[in-house]
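Notes for the one structure printed next.
The values are calculated or read from the model by the stated rules, or taken from the named source; none is laboratory data. What you are looking at is a predicted structure, and each value in this text was computed from that prediction instead of being measured. Here the Cβ positions follow ideal geometry from the backbone for every residue, glycine too, while neighbour counts run over all protein chains shown.
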Amino acid sequence: MKKLEYPGIGETLYGTRLANGLEVRVIPKKEFSTFYAAFAANYGGACRRFAVDGKTVDTPAGVAHYLEHKMFDLPNGDSALNILSANGADPNAFTSSGMTCYYFQCTEGFEENLRMLLHFVSTPYFTAETVRKELGIIGQEIRMGEDNPGLAVYYNLLKLLYEHHPIRDRVAGTVESIAEITAETLYDCHRVFYAPSNMALCVEGDVDPDGIARIAEEVLPKDCAPVPAADFGAPESLLPAGTFRCEEMPVSAPQFLIGLKLPGDLRGEESLRLQLTAALALRMLCGASSPFFTRLYAEGLLTADFDFEVDPSAGTLTVIVGGESREPEKVLGEFQKACADIAAKGFEPAFFERAKRASLGARLRGLEDFDNVCVSLAEGVFDGYCALDACPLLEEVSAEDCRRFVEEHLRPERMALSVIAPKKAQV
């Protein structure tokens, strides 16, 4: 395995690509008692159309999430969740728009748990009966999500930003779309997307990196299958498809999100650098210590839950800021004014240095969370970069880089506003 030293953050990373195409990343932590393993597929809710064997295949919305639910089933009627839990592990899984990840954390029995993780994720078992049984469970989950204002304001924003990219649709699909899913659909998608060549195994703990690779070679299929090509449709303009949407729901105060698209076709270090520059610029522009936030908070226009994120997923890169406000449209106007001011004048040097140190500190603290590290490593594998490069790359970002980012991307015509407002009283 290739060894990479990161002396600036005190980490050592081992990585290799196995003969079957699996990317393995291991961070040994000598004398630590906790082990964490993440086994991820480059396959999420937005990967609904793909090319395989020269043919284009369309699948219903929600297949990736449905598949995640069913993968824990074993042919003997038991559940991998039960076996892992009985062996002292804390297992779970999640599906995002661009990735499905199965993981566990434990303090003992690591090798046995790792073998079980690799075995059940690579060994599908579905029947018509078990697939039908899951239909009601996931349908209930979907209906509960439809009543969630946080999900509503988020997906309404994505529908404003993206004209046709499948990221605009909910990862879980709809009650109607999942009714089309059969055992054959799940087997077909598992065969295509759960091939080792389309997956990554990331481990952190007191382990031998070569031993992790050997276990993966023993348990997983030996063939190196072609990597599927997800089709997200024609490239979209950086301008939003729409600029404003307001929906009424039973909330006590308006919830809002301001969003815009960044170039999502970048890969590798270029993509990571853009994400880091965007996050640092947003920290200075509207973070908790920014003049924008402190002034609007003092005026009662923003609450403490106001936040921002830079979200890379399924070939997209989205900037999202928001929270609660009694006047979301006024907040949008003030945010646009703040962006224009920074684009013209730039960031104050001392403020930039403090914000940069704070960003570096947050990333260093994040290295303490094995789950955060392993999932970030998997995301980086699929996007062509190493997540541990974030700190040295962030060191290179300048105040002028951040100003140029604001000037180029945080423009009024690029922004959309999604609002969930309290229901009006019936007269």
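Filter the stretch 291-313 for residues that are among the polar types (S, T, N, Q), outside any strand (DSSP E or B) and touching a residue at least 12 places away in the same chain (Cβ under 8 Å) and give the result. Steps first, please.
Kept after step one, since they are among the polar types (S, T, N, Q), are these residues of the stretch 291-313: 294, 303, 313.
Adding the requirement that they be outside any strand (DSSP E or B) leaves 294, 303.
Scanning the stretch 291-313 gives a single hit, Thr303.
Looking only at the stretch 175-206, count every residue that is surrounded by fewer than 18 Cβ atoms within 10 Å (Cβ to Cβ), among the β-branched types (Val, Ile, Thr) and either outside any helix (DSSP H, G or I) or within 18 Å of the chain's Cα centre (by Cα) (or both) and tell me the total.
Qualifying residue count, the stretch 175-206: 1.
Within the bounds of the stretch 119-137, is there any residue that is at pLDDT 95 or above and either crowded, with 21+ Cβ neighbours inside 10 Å or under 24 Å from Gly233 (Cα atoms) (or both)?
yes
Say whether the condition of being out of contact with any strand residue (DSSP E or B) (no Cβ under 6 Å at 6 or more places or on another chain), modelled with pLDDT of 95 or more, of a type outside the set (Phe, Trp, Tyr) and under 18 Å from Ala253 (Cβ atoms) is met by at least one residue in the stretch 338-353. Break it down into steps so the answer makes sense when it comes.
Residues of the stretch 338-353 out of contact with any strand residue (DSSP E or B) (no Cβ under 6 Å at 6 or more places or on another chain): 338-353.
In the following step, the residues that additionally are modelled with pLDDT of 95 or more were identified as 338-353.
Filter once more, keeping what is of a type outside the set (Phe, Trp, Tyr): 338-346, 348-350, 353.
Keeping just the survivors that are under 18 Å from Ala253 (Cβ atoms) gives none.
Looking through the stretch 338-353, none of the residues is out of contact with any strand residue (DSSP E or B) (no Cβ under 6 Å at 6 or more places or on another chain), modelled with pLDDT of 95 or more, of a type outside the set (Phe, Trp, Tyr) and under 18 Å from Ala253 (Cβ atoms).
Take the residues of the stretch 265-289 that are assigned to a helix (DSSP H, G or I) and hydroxyl-bearing (Ser, Thr, Tyr): which is farthest from Leu393 (Cα to Cα)? So that I can check it myself, show each step before the final result.
Of the stretch 265-289, the ones assigned to a helix (DSSP H, G or I) are 268-286.
Right, trim to hydroxyl-bearing (Ser, Thr, Tyr) and you get 271, 277.
Working: Ser271: 11, Thr277: 9 Å.
My answer is Ser271.
What is the residue count in the stretch 207-239 for residues that are more than 20 Å from the chain's Cα centre (by Cα), surrounded by 15 or more Cβ atoms within 10 Å (Cβ to Cβ) and either in the same structural domain as Asn42 (by TED's automatic domain parsing) or aromatic (Phe, Trp, Tyr) (or both)?
Selection size over the stretch 207-239: 12.
Residues of the stretch 240-252 being assigned to a loop (DSSP other than H, G, I, E, B) and surrounded by 14 or more Cβ atoms within 10 Å (Cβ to Cβ), which ones?
Taking the stretch 240-252 first, the residues assigned to a loop (DSSP other than H, G, I, E, B) are 240-243, 250-252.
Listed by number, the residues that qualify are Pro240, Ala241, Gly242, Thr243, Val251.
Could you say which residue among Ser398, Ser325 is of a type in the set (S, T, N, Q), closer than 16 Å to Ala278 by Cβ and either in contact (Cβ under 8 Å) with a residue 12 or more places away in the chain or in the same structural domain as Cys286 (by TED's automatic domain parsing) (or both)?
On the way: Ser325 fails: closer than 16 Å to Ala278 by Cβ.
Within the list Ser398, Ser325, the selection yields Ser398.
Return the only residue of Phe293, Phe308, Phe335, Phe244 being at pLDDT 95 or above and over 18 Å from Arg411 (Cα atoms).
Working: Phe308 fails: over 18 Å from Arg411 (Cα atoms); Phe335 fails: over 18 Å from Arg411 (Cα atoms); Phe244 fails: over 18 Å from Arg411 (Cα atoms).
On inspection, the qualifying residue turns out to be Phe293.
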